[in-house]
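Only one structure is covered here, and it is reproduced in the block below.
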Amino acid sequence: MSDKCIWRCSATVVLLTSVCLLAAGCVSQTVKSTSVPPINSPTETVADALLLDVGIAVFDPGLDEVPDDDEQPVYTEVRKAEARFMPNQVAQAMQQSGAWGAVRVVPDPERVSDLSVHGKILHSDGERIELQIQAIDSRGYEWLDKRYESHASSYAYRTTTRSTNDPFQAVYNTIANDLLQALQELRDIDRQNVRLVSELLFAQDFSPEAFEGYLARNPKDVYLVMRLPADNDPMLERVRTIRERDHMYIDTMQAYYDSFGEEMLGPYDEWRRLSYEEVIAMQELRAESRRRLIAGAVAVAAGIAGAANSDSYEQAAASNVAIIGGGYLLKSGLEKRNEAQIHVQALEEVGMSLESEITPQVIELEDRSITLQGSVDDQYAQWRSLLAEIYATEIGNLEQPEASADTL
């Protein structure tokens with residue numbers, strides 16, 4: 001075969017390669033699912049005294065591990081809002097099973113609960129969500145440590161076909177079902193121990209000296225009950241009163257999280273819808289940009305090689321065409337990349353708009369004349385300090401008559 005024929009075959013291969021690469025841009029490789037697993041119900045009924053209370057801490061927004069990458073922009077205030085919104089979605093899913101006691105979103109991840117659930121947002125936009133969820137009971141046994149990921153369907157954002165479910169409801173339902181499965185593996189005696197340890201840990205927070213020695217940790221860092229206080233122990237009764245007040249406050253906080261979620265839902269859904277469109281558009285644009293850049297580079301390289309080896313005007317002209325065509329593909333690919341950057345900027349503007357709409361409001365306590373200032377976390381810290389003062393006052397009043405009797 002002559003060099004001329006070889007060169008023409010090479011040019012043909014380049015042309016076919018370029019066409020195939022560009023044609024591939026018309027095919028989407030992203031697979032979506034609209035399937036939402038139903039919430040499971042417990043297989044057996046248990047007494048109310050054995051129902052476990054759940055505290056779902058405000059999620060870690062995951063901002064400490066966000067890559068410095070313009071192709072995956074993360075909006076700080078949006079993530080912080082999601083960190084309050086998502087645990088409430090998990091709480092609502094868990095409540096639907098009817099298998100739990102009180103399921104509350106709590107601002108303090110260290111707050112004592114029968115079951116404490118912690119989450120971290122690894123990725124979140126309108127197209128994909130990825131969460132790391134861990135659940136540990138008060139004894140120290142780990143129930144769950146798992147990563148959950150889900151992709152939203154375009155149907156989730158169509159007003160004509162959209163259901164009442166969250167676009168990522170499948171993740172929240174799956175978490176609830178996994179926790180229910182772990183719960184059903186507990187015996188009644190295990191449930192009793194969980195509740196007892198929770199009460200004693202709460203008591204130790206407020207009066208470590210009075211309740212010292214009731215609990216101990218084994219080599220696996222699991223709490224064991226060493227002895228029990230008397231049912232009529234006056235200090236235990238006051239601890240229970242303080243704990244009930246804390247529950248009432250957290251219930252008030254739950255109303256805040258519910259209200260926050262409702263206020264956030266409108267702008268957040270709009271942001272996710274636009275985010276979904278922008279993410280899909282950027283994926284397609286970047287893929288097309290890469291294909292055009294590759295095709296252009298191959299065409300230019302082939303054209304240059306052909307020009308170097310050309311021994312006729314016809315071959316030289318064809319080589320110049322290949323170089324020009326390849327340069328056009330390179331230019332087109334760069335333009336597509338710039339177009340993708342425009343979408344990134346548009347998405348950032350949407351995120352900034354949302355930030356101003358979902359700023360949390362200061363909570364006013366209905367049953368008190370005082371106002372807790374600052375963030376939700378600050379307010380809860382102030383509340384805990386107030387509870388400690390109340391407990392100290394009540395214990396002081398309890399011990400005062402005994403002190404007076406000793407002086408007689």
> In the list Ser18, Ser97, which residue meets the criterion of being surrounded by 12 or more Cβ atoms within 10 Å (Cβ to Cβ), modelled with pLDDT of 90 or more and of a type in the set (Ser, Thr, Tyr)?
Replying inline: Ser97
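If a residue must be surrounded by 12 or more Cβ atoms within 10 Å (Cβ to Cβ) and farther than 18 Å from Leu115 by Cα, how many such residues does region 220-234 contain? If you could, list the steps in order and put the result at the bottom.
Kept after step one, since they are surrounded by 12 or more Cβ atoms within 10 Å (Cβ to Cβ), are these residues of region 220-234: 222-225, 229, 233-234.
Checking the rest, the ones that are also farther than 18 Å from Leu115 by Cα come to 229, 233-234.
Number of matching residues: 3.
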>> Return the residues of region 155-187 that are within 29 Å of Asp269 (Cα to Cα) and open to solvent by 40 Å² or more (accessible area, probe 1.4 Å); say none if nothing qualifies.
In response: Tyr155, Arg158, Thr159, Thr160, Thr161, Arg162, Ser163, Thr164, Asn165, Thr174
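Starting from residues that are part of a loop (DSSP other than H, G, I, E, B) and modelled with pLDDT of 95 or more, keep the ones in region 100-111 and report whichever is farthest from Ile242 (Cα to Cα).
Of all residues in region 100-111, those part of a loop (DSSP other than H, G, I, E, B) come to 100-102, 107-111.
So of that shortlist, the ones also modelled with pLDDT of 95 or more come out as 100-102.
Values: Trp100: 22, Gly101: 19, Ala102: 17 Å.
So, considering only residues that are part of a loop (DSSP other than H, G, I, E, B) and modelled with pLDDT of 95 or more, the one farthest from Ile242 (Cα to Cα) is Trp100.
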>> Suppose we filter Gln204, Gln254, Gln192 for residues that are without any contact (Cβ under 8 Å) to a residue 24 or more places away in the chain and either assigned to a helix (DSSP H, G or I) or surrounded by fewer than 17 Cβ atoms within 10 Å (Cβ to Cβ) (or both); which single one remains?
In response: Gln204
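Kindly evaluate Asp221 against the criterion of being within 34 Å of the chain's Cα centre (by Cα), of a type in the set (Asp, Glu) and not in a helix (DSSP H, G or I).
Numbers: within 34 Å of the chain's Cα centre (by Cα): yes; of a type in the set (Asp, Glu): yes; not in a helix (DSSP H, G or I): yes.
Taking the combined requirement at face value, the residue satisfies it.
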> In the set Val54, Val58, which member is surrounded by 19 or more Cβ atoms within 10 Å (Cβ to Cβ), in contact with a helix residue (DSSP H, G or I) (Cβ under 6 Å, 6 or more places away or on another chain) and modelled with pLDDT of 80 or more?
Replying inline: Val58
> For region 107-118, what are the residues that are surrounded by fewer than 23 Cβ atoms within 10 Å (Cβ to Cβ) and out of contact with any helix residue (DSSP H, G or I) (no Cβ under 6 Å at 6 or more places or on another chain)?
Replying inline: Pro109, Glu110, Arg111, Ser116, His118
> Under the condition of being touching a residue at least 60 places away in the same chain (Cβ under 8 Å) and over 22 Å from Val194 (Cα atoms), which residue from region 124-147 is surrounded by the fewest Cβ atoms within 10 Å (Cβ to Cβ)?
Replying inline: Arg128
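The values are calculated or read from the model by the stated rules, or taken from the named source; none is laboratory data. Nothing here was measured: the structure is a model prediction, and the numbers come from that model. Positions of Cβ are generated from backbone atoms using ideal geometry, with glycine treated the same way; all protein chains shown enter the neighbour counts. Side chains are part of the model used for accessible areas, which takes the heavy atoms of the whole protein and leaves out ligands, DNA and RNA. Shrake-Rupley method; radii C 1.70, N 1.55, O 1.52, S 1.80 Å.
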